[in-house]
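Visitor: Dropping a structure here in structure tokens format, bear with me for questions.
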Amino acid sequence: MEEEYEILENTVKDFNAKYVENNSLKFENESMGKEFVKLLADQGFFSMMGQSGEEVADVKTLSVVLENLAKSVPAVAVKTLLANSFLSLVKDPEVTEAVANGSKSGTVTFSDLLVGPGQNGSLLLSDGKIKGEKQFVVGSDSDFIVTLLDTGELVLLKSGFTAGKKLKRLGFRSIGFSAVSVNSSDYEVLSKEGRKELEKLYYQLSIPVAAISLGMSEAVSQKGLDYAKVRTAFGHYLKDFQPLAFELTSLIAEMEILKRYFEVLISTSPSRKEAMFLKHKALALAKDISKTSLQIHGGYGYLEDFGIEKFYRDSMALSVLFHNEEHEMEVLSTLVFETKAGFV
Amino acid sequence: MDFELSDDIKEAVVRAKEFANKYFTEEVAEKSDFNEEFPTDIVAISKKEKVLDFSNPWKVLVTIEELVRRDPGLGISVTISAFGAEIFMFFGNDAQKEKYMNPVFAGKRTLGLGVTEAGGGSDVAGIKCEARLDGDSYVLNGGKMFISNGQIADHFLVLARTSPPPSPEKKHKGLSVFVVDSKSPGFAINKLHGKLGVRATNTAELIFDNVRVPKEDMVGEEGKGFYYIMTFFNISRIYVAAQGLGIAHGALDRLIEYSKKYAPVSETGELNENLQLAIAEIATRVEATRNITYKAASYLFKFTPNPIVTSMAKFYAAETAVFATKRAIELMSLHGLTSDLERFFRDAKILDIWEGTTEVEKLIITRMMLKEGGA
Ligand SMILES: Cc1cc2nc3c(=O)[nH]c(=O)nc-3n(C[C@H](O)[C@H](O)[C@H](O)COP(=O)(O)OP(=O)(O)OC[C@H]3O[C@@H](n4cnc5c(N)ncnc54)[C@H](O)[C@@H]3O)c2cc1C
């Protein structure tokens with residue numbers, strides 16, 4: 001890994017040790033609180049993506065930060081991802097400054113890309129007002145929302161919206177997740193070709209999302225390794241039992257290969273296909289490795305105190321909130337076959 | 001060979017369905033899950049309505065399956081009140097059956113079983129809890145970890161060491177089972193919080209500080225406790241398999257419902273093949289789980305238990321439940337994540353752990369097959 005990334009990695013490690021680890025259950029399950037969000041912003045973590053017009057944005061530094069934030073509390077990494085996504089789309093200096101310095105929060109709704117047409121509510125502009133409801137908004141407790149209208153424009157809602165009843169939340173419980181009712185005349189149209197713009201950002205996030213998955217995998221596999229070295233059963237350390245040792249080792253082999261690939265991708269200009277390869281495999285790995293690590297911990301893995309079960313939940317939540325298996329495999333198959341594939 | 005359920009067992013299925021439809025509302029299920037709250041009221045109603053008919057184990061099995069299919073946390077809470085009672089049935093004396101077992105089967109009392117300790121659950125013979133004979137009672141010292149019904153049971157069956165093992169290889173000797181009254185002096189209970197799933201069930205740590213247990217509350221013979229517990233697990237694992245079957249079937253129900261309502265279709269108007277194959281795979285695994293679970297049950301209920309098939313059923317059901325809930329969420333995307341399926345996903349993972357981890361079940365299968373030469 002390049003030196004600049006190593007320095008960044010150490011910065012995040014220190015940040016985790018100082019501010020995150022002691023509060024991990026609170027940050028995961030309840031709320032991160034304004035003070036902590038400000039601290040995150042003060043590190044410059046919220047505005048690392050820049051506003052790139054290119055298909056593949058510079059997500060290298062952001063990805064290194066996310067990977068390392070995810071090792072302690074994945075929800076903190078997701079919060080950071082949302083802020084960066086927001087700032088990559090919005091230009092209004094008053095808004096961007098407030099979100100970048102953590103005094104206000106912003107989110108982007110990706111759900112239009114994840115569920116079918118008509119399944120995500122409806123937002124329409126009429127007589128100078130945007131009205132309707134958007135379903136499945138991650139970060140619904142934010143001060144600003146970037147979202148898509150039915151007519152295809154990408155808009156920034158500055159006020160005039162309220163979050164509905166909290167939705168069930170498998171993971172990232174401290175981040176708002178609900179439908180949002182909108183009745184707003186305080187908005188800005190960001191793009192007429194909103195869906196395209198949103199899709200572009202979505203694919204730009206492939207490596208950052210993979211980075212969060214890899215961070216989770218590293219943390220949860222380390223917990224498995226540590227526990228298996230100290231816990232005994234039948235007079236042996238758990239590490240000595242082949243089923244546990246072999247499975248964890250095999251998953252760690254996969255993780256190390258993906259980390260290498262990740263490092264290659266962030267130090268070059270990866271194609272969309274390569275970025276999607278990484279995301280596809282990293283999301284699956286985080287789920288598998290969390291499951292194995294939980295299993296190694298036996299009953300203790302099932303309780304939150306050991307900090308394992310959250311990875312089991314979050315790895316699944318991540319793979320749904322920022323990913324749709326069928327949709328992405330269709331796109332990826334088409335890139336691999338170099339012709340439309342995966343459709344009948 | 002007849003794969004059809006008899007009419008009275010089909011009736012039990014219908015009764016369980018009706019009960020779940022009436023009482024397992026999403027509101028109650030969500031509240032119990034969120035607050036980690038045992039559904040006392042529903043459990044009381046289920047006992048009054050005799051939802052579990054202990055006179056016929058097949059009815060118990062299908063009732064567990066159906067209730068859990070609707071909601072695992074509530075379903076397990078309703079069906080776990082008699083956890084451990086078979087130990088009395090097979091090894092208790094008449095007085096113990098009268099005093100402890102009958103009230104549990106009649107729905108008047110709740111039972112818990114304390115085997116696992118902080119230091120280990122898989123290695124049952126390695127437990128440290130001790131019972132020392134002192135006059136006409138035993139004195140218990142030590143603790144038990146992750147005990148279901150911990151705060152609500154009236155009595156616990158507790159495995160403790162009554163004599164040192166004759167040799168390091170014979171650790172399973174010298175263990176005995178006692179009935180411990182939850183109100184005994186020196187007995188403390190700490191509720192465990194923050195479970196991944198089955199949060200409606202009550203789980204606690206038990207601590208014994210010089211707890212006196214009258215001699216007559218030892219179950220069966222002194223030193224045979226390990227054998228009693230293993231015999232019990234060969235019964236209870238079939239019911240755990242039924243839990244897995246219920247969870248997996250519940251996930252399949254939800255995926256099929258989603259497919260009809262929301263799933264994308266191809267240009268020919270059919271469901272995408274990826275989804276079609278996934279449904280087929282889950283459905284096949286559910287069917288295979290049912291067959292193996294019912295086979296294990298049929299051996300047991302004819303009093304010819306087959307521990308190999310039982311362990312196969314338990315681990316396969318657990319893996320199927322975990323697999324089905326995971327695949328269903330992945331395919332249902334945000335619709336799955338924001339539905340009760342997310343609870344099923346969290347609940348399913350316990351089946352890989354309790355009453356013999358999946359690894360331990362697999363070891364039992366092979367070791368017994370090598371010993372006995374086949375399933
Ligand atoms: C919610 C909940 C409710 C429970 N209810 C009860 C209850 O009512 N009564 C009760 O007595 N217990 C109960 N348990 C405990 C449960 O049965 C144990 O957690 C389980 O038996 C595993 O024991 P352990 O947690 O100590 O894990 P360990 O025994 O420490 O095992 C850790 C890991 O090592 C693996 N392992 C162990 N030995 C081997 C080997 N030889 N080869 C390969 N792998 C091996 C295991 O499979 C597991 O993956 C409950 C647990 C939970 C979480």
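Visitor: On the full set of protein chains, 1.4 Å probe, figure out the accessible area of A:Met276 and give it in Å² to the nearest 10.
Guide: Surface accessible to solvent at A:Met276 totals approximately 0 Å².
Visitor: For the stretch A:1-192, max minus min Cα coordinate along each principal axis, in Å, sorted largest first?
Guide: 52, 36, 31
Visitor: Moving on. Listed highest first by mean packing, meaning other Cβ atoms within 10 Å per residue, what order do B:157-163, B:6-12, B:96-102 come in? Could the numbers behind the result be given before it?
Guide: Working: B:157-163: 23.4, B:6-12: 13.6, B:96-102: 17.1.
Per-residue Cβ counts within 10 Å, averaged per peptide and sorted highest first, yield B:157-163, B:96-102, B:6-12.
Visitor: Compute the FRET efficiency between B:Lys183 and A:Thr339 as 1/(1 + (r/R0)^6), taking r as their Cβ-Cβ distance and R0 = 60 Å, and round to the nearest 0.05. Could the numbers behind the result be given before it?
Guide: Numbers: r = 74 Å, r/R0 = 1.23.
According to the calculation, E is roughly 0.20.
Visitor: Under a point-charge model restricted to the Cβ atoms of Lys and Arg (+1) and Asp and Glu (-1), what is the dipole moment magnitude of the stretch A:205-337 relative to its Cα centre, in debye to the nearest 20?
Guide: Numbers: 14 positive and 17 negative charges, 40 e Å.
Charge dipole of the stretch A:205-337: 200 debye, to the nearest 20.
Visitor: Give the average, rounded to an integer, of partner chain Cβ atoms located within 10 angstrom of each Cβ in A:168-178. Mind dumping the intermediate values first?
Guide: Values: counts 12, 3, 9, 2, 0, 0, 0, 0, 0, 3, 1.
Averaged over the peptide's residues, the number is 3.
Visitor: Here is the link list: B:Lys128/B:Lys191; B:Lys224/B:Lys362; B:Lys99/B:Lys195; A:Lys129/B:Lys260. Which ones come out longer than 27 Å on Cα distance?
Guide: Numbers: B:Lys128/B:Lys191 21 Å; B:Lys224/B:Lys362 24 Å; B:Lys99/B:Lys195 33 Å; A:Lys129/B:Lys260 35 Å.
From B:Lys128/B:Lys191; B:Lys224/B:Lys362; B:Lys99/B:Lys195; A:Lys129/B:Lys260, over 27 Å: B:Lys99/B:Lys195; A:Lys129/B:Lys260.
Visitor: Assuming R0 = 25 Å, can you tell me the calculated FRET efficiency for the pair A:Asn23 and A:Gln222, based on Cβ-Cβ distance, to the nearest 0.05? All intermediate terms of the calculation are to be shown ahead of the outcome.
Guide: Details: r = 20 Å, r/R0 = 0.79.
With a Förster radius of 25 Å, E is 0.80.
Visitor: Here's another thing I want to ask about it. Going by alpha carbons, how many degrees (0 to 90, nearest 10) lie between the helix axis of B:57-70 and the longest principal axis of chain B?
Guide: 50 degrees
Visitor: How much solvent-accessible surface does B:Arg212 expose, in Å² to the nearest 10, with a 1.4 Å probe and all protein chains in place?
Guide: 120 Å²
Visitor: Can you tell me what percent of all Cα-Cα pairs in the stretch A:155-280 are more than 17 Å apart? Please report the intermediate quantities before stating the final value.
Guide: On the way: 5761 of 7875 pairs.
Every Cα pair in the stretch A:155-280 considered, those over 17 Å come to 73 percent.
Visitor: Treating only the Cβ of Lys, Arg, Asp and Glu as charged (+1, +1, -1, -1), what charge dipole size does the stretch B:7-79 show about its Cα centre? Round to the nearest 20 debye. The partial results should precede the final answer.
Guide: Numbers: 11 positive and 16 negative charges, 57 e Å.
Computed about the Cα centre, the dipole is about 280 debye.
Visitor: How big is the gap, in Å, between the Cα center of the stretch B:26-77 and the Cα center of the stretch B:119-147?
Guide: Centre-to-centre (Cα) distance: 30 Å.
Visitor: Dividing the convex hull volume of the alpha carbon atoms of the stretch B:9-153 by its residue count, what do you get in Å³ per residue?
Guide: On the way: hull volume 19.8 nm³, N = 145.
Per residue, the Cα convex hull of the stretch B:9-153 comes to 137 Å³.
Visitor: Next up: Would you work out the Kirkwood radius for the stretch B:150-244? I mean one over the mean of 1/r across all pairs of different Cα atoms, in Å.
Guide: Over the stretch B:150-244, the inverse of the mean reciprocal pair distance is 15.2 Å.
Visitor: Rank these residues by their accessible area, most exposed first, probe 1.4 Å: B:Thr366, A:Thr80. Don't skip to the end; give the middle numbers.
Guide: Details: B:Thr366 75, A:Thr80 0 Å².
Ranking B:Thr366, A:Thr80 by accessible area, largest first, yields B:Thr366, A:Thr80.
Visitor: While we're here: At 0.36 nm per residue, and after removing the present C-alpha to C-alpha distance, how many nm does the segment from B:Phe34 to B:Asp209 gain when stretched out fully? Mind showing how you got there, number by number?
Guide: Numbers: separation 175, 0.36 × 175 = 63.00 nm, distance 3.28 nm.
Gain on extension, B:Phe34 to B:Asp209, equals 59.7 nm.
Visitor: If you count, for each residue, the other Cβ atoms within 10 Å and average over each peptide, how do B:222-228, A:204-210, A:14-20, B:105-111 line up from highest to lowest? Write down the numbers at each step before the final one.
Guide: Numbers: B:222-228: 20.1, A:204-210: 27.0, A:14-20: 15.7, B:105-111: 18.1.
Result, highest mean Cβ count within 10 Å first: A:204-210, B:222-228, B:105-111, A:14-20.
Visitor: How many Å³ per residue does the convex hull of the Cα positions in the stretch B:8-78 occupy?
Guide: Working: hull volume 5.0 nm³, N = 71.
Dividing the Cα hull volume of the stretch B:8-78 by its residues yields 70 Å³.
Visitor: While we're on this one: Could you give the distance between the Cα centres of the stretch B:202-238 and the stretch A:244-281, to the whole Å?
Guide: Their Cα centres are 48 Å away from one another.
Visitor: Give me the compactness ratio for the stretch A:294-344, meaning the Cα radius of gyration over 2.2 N^0.38 Å.
Guide: Values: Rg = 17.3 Å, N = 51, 2.2 N^0.38 = 9.8 Å.
Output field value: 1.76.
Visitor: Jot down the per residue volume, in cubic angstrom and as a whole number, of the convex hull over the alpha-carbon atoms of the stretch A:205-337. Walk me through the numbers before you get to the answer.
Guide: Values: hull volume 14.2 nm³, N = 133.
For the stretch A:205-337, the hull spanned by Cα atoms encloses 106 Å³ per residue.
Visitor: Compute the angle between helix A:309-321 and the longest alpha-carbon principal axis of chain A, please, reported from 0 to 90 degrees and rounded to the nearest 10.
Guide: The helix A:309-321 is inclined about 40 degrees to chain A.
Visitor: Another question about this same structure. Between A:Arg195 and B:Val14, how high is the FRET efficiency from 1/(1 + (r/R0)^6) when r is the Cβ-Cβ distance and R₀ = 51 Å? Nearest 0.05. Kindly include the intermediate steps, with their values, before the conclusion.
Guide: On the way: r = 49 Å, r/R0 = 0.95.
So, using R0 = 51 Å, E works out to roughly 0.55.
Visitor: Could you state how much accessible area B:Asp53 has, in square angstrom rounded to the nearest 10, with a 1.4 Å probe and all protein chains kept in place?
Guide: Rounded to the nearest 10, that gives 50 Å².
Visitor: Place +1 on the Cβ of every Lys and Arg and -1 on the Cβ of every Asp and Glu in chain B, take the dipole about the Cα centre, and give the residue among B:Ala321, B:His335, B:Ser298 whose Cα lies farthest towards its positive end.
Guide: B:Ser298
Visitor: Expressed in whole Å with the largest first, what are the equivalent ellipsoid semi-axes of the protein assembly as shown derived from the C-alpha gyration tensor as the square root of 5 times each eigenvalue? Provide the component values of the computation, followed by the final result.
Guide: On the way: eigenvalues 476, 153, 115 Å².
Those come to 49, 28, 24 Å.
Visitor: Using only alpha carbon pairs under 8 Å that are at least six residues apart, calculate the relative contact order of chain A and give it in whole percent.
Guide: Relative contact order of chain A: 16 percent.
Visitor: Take every Cα-Cα pair in chain A and report what % of them are more than 26 Å apart.
Guide: Details: 28646 of 58996 pairs.
In whole percent, the share of Cα-Cα pairs in chain A beyond 26 Å is 49.
Visitor: Now, a different point. Work out the mean other chain Cβ neighbour count within 10 Å for the residues of A:319-327 and drop it here as an integer.
Guide: Values: counts 5, 11, 3, 0, 2, 5, 7, 9, 2.
Mean number of neighbouring Cβ atoms from other chains: 5.
Visitor: If one computes the Cα centroid of the stretch B:166-192 and of the stretch B:259-297, what distance in Å separates the two points?
Guide: 45 Å
Visitor: How fast does the stretch B:227-372 diffuse by Stokes-Einstein, in µm²/s, taking the Kirkwood radius from C-alpha pairs at 10 °C and 1.306 mPa s? If you can, show how the numbers build up before the last one.
Guide: On the way: Rh = 16.0 Å.
It comes out at roughly 100 µm²/s.
Visitor: What translational diffusion coefficient, to the nearest whole µm²/s, does chain B have by Stokes-Einstein, given a Kirkwood radius computed over alpha-carbon pairs, a temperature of 20 °C and 1.002 mPa s viscosity? Provide the component values of the computation, followed by the final result.
Guide: Details: Rh = 21.4 Å.
So the translational diffusion coefficient is about 100 µm²/s.
Visitor: Can you say what percent of the DSSP beta bridges in the stretch A:1-192, counting only those with both residues inside, are antiparallel? Round to 5. Can you show the working numbers first?
Guide: Working: 25 of 28 bridges.
Taking every DSSP beta bridge within the stretch A:1-192, about 90 percent pair in antiparallel fashion.
Visitor: On a 1.4 Å probe surface of the protein chains, which of A:Arg313, B:Arg367, B:Arg199, B:Arg132 comes out largest in accessible area, and what is the full order?
Guide: B:Arg367, B:Arg132, B:Arg199, A:Arg313
Visitor: Would you rank B:Glu4, A:Glu94, B:Glu30 by solvent-accessible area, highest first, keeping every protein chain in place and using a 1.4 Å probe? Before the final figure, lay out the partial values.
Guide: Values: B:Glu4 115, A:Glu94 155, B:Glu30 65 Å².
Accessible-area ranking of B:Glu4, A:Glu94, B:Glu30, largest first: A:Glu94, B:Glu4, B:Glu30.
Visitor: May I pose another question? Out of the DSSP beta bridges found with both residues in chain B, what percent are antiparallel (nearest 5)? Kindly include the intermediate steps, with their values, before the conclusion.
Guide: Numbers: 31 of 37 bridges.
Here the antiparallel bridges make up roughly 85 percent for chain B.
Visitor: Treating the beta-carbon of each Lys and Arg as +1 and of each Asp and Glu as -1, no other charges, what is the dipole magnitude of the protein assembly as shown about its Cα centre, to the nearest 20 debye? Intermediate results must be reported in sequence, preceding the final value.
Guide: On the way: 84 positive and 100 negative charges, 332 e Å.
So the dipole magnitude of the protein assembly as shown works out to roughly 1600 debye.
Visitor: Let me ask something additional. Which order do the peptides B:78-87, B:293-302, A:32-41 come out in when sorted by mean C-beta neighbours inside 10 angstrom, highest first? All intermediate terms of the calculation are to be shown ahead of the outcome.
Guide: Working: B:78-87: 24.7, B:293-302: 19.6, A:32-41: 16.5.
Going by the mean number of other Cβ atoms within 10 Å, highest first, we get B:78-87, B:293-302, A:32-41.
The values are calculated or read from the model by the stated rules, or taken from the named source; none is laboratory data. Bear in mind that the values here come from a model prediction, so they are computed numbers and not experimental data. Positions of Cβ are backbone-derived with ideal geometry, glycine not excepted, and every protein chain shown enters the neighbour counts. Just so you know, the surface numbers come from the protein's heavy atoms only, side chains and all, with ligands and any DNA or RNA stripped out. Shrake-Rupley method; radii C 1.70, N 1.55, O 1.52, S 1.80 Å.
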